[in-house]
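Structure first, commentary second.
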Amino acid sequence: MTEVAAVPDETEVLAPEDPTSATEPAEAFPSVPQRIRAWGQRVNARLTDDPGAAFEAAVSVLAVVLGTALVLATLHPRRLWQDTTPTGATWGPTCGARAT
C-alpha cells in the first residue's frame, strides 16, 4: 500500500521569505589560515571532550609506522627496483630444463 504525502497548506507554500536574508551579503569563503585555525580548534575541542582519543590516535599512528617499517625491512627497499629474476618464473634452458 502506497502512502500519499499531505499537500501543504496554501499559507505554507506562499509564506514570504525573511526580508533581512536577501539584504545581507553572503559570507566569503574562509581563507586558508582561518580554515587551519578552525580545524585546530575542532581538534582541540574533540581531544578535550575525550582525552582517550589522543592516546588512541597515538597508538594508531605507532601501529602504522611499525607495520610500514616491518614491511620495508622485509622487502629490502634497495632491492625492490633492481633488475633481478622474479621468483617462480621459468626462464628456459638456463633453469635446468632441456630445450626440445
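Laboratory data are not the source of any read-out in this text; all were calculated from the coordinates shown. Predicted model only: the values in this text are computed from it and were never measured. Positions of Cβ are generated from backbone atoms using ideal geometry, with glycine treated the same way; all protein chains shown enter the neighbour counts.
Residues in segment 48-54 carry Karplus couplings, in order, of 5, 5, 9, x, x, 5, 5 Hz; the curve used is 6.51 cos²θ - 1.76 cosθ + 1.60 with θ = phi - 60°, and Gly or Pro positions show x.
May I ask you to order 28-36, 41-49 by the average number of other C-beta atoms within 10 Å around their residues, highest value first?
41-49, 28-36
Compared with the direct C-alpha span, the chain from Val64 to Ile36 gains 7.6 nm at full extension, assuming 0.36 nm per residue.
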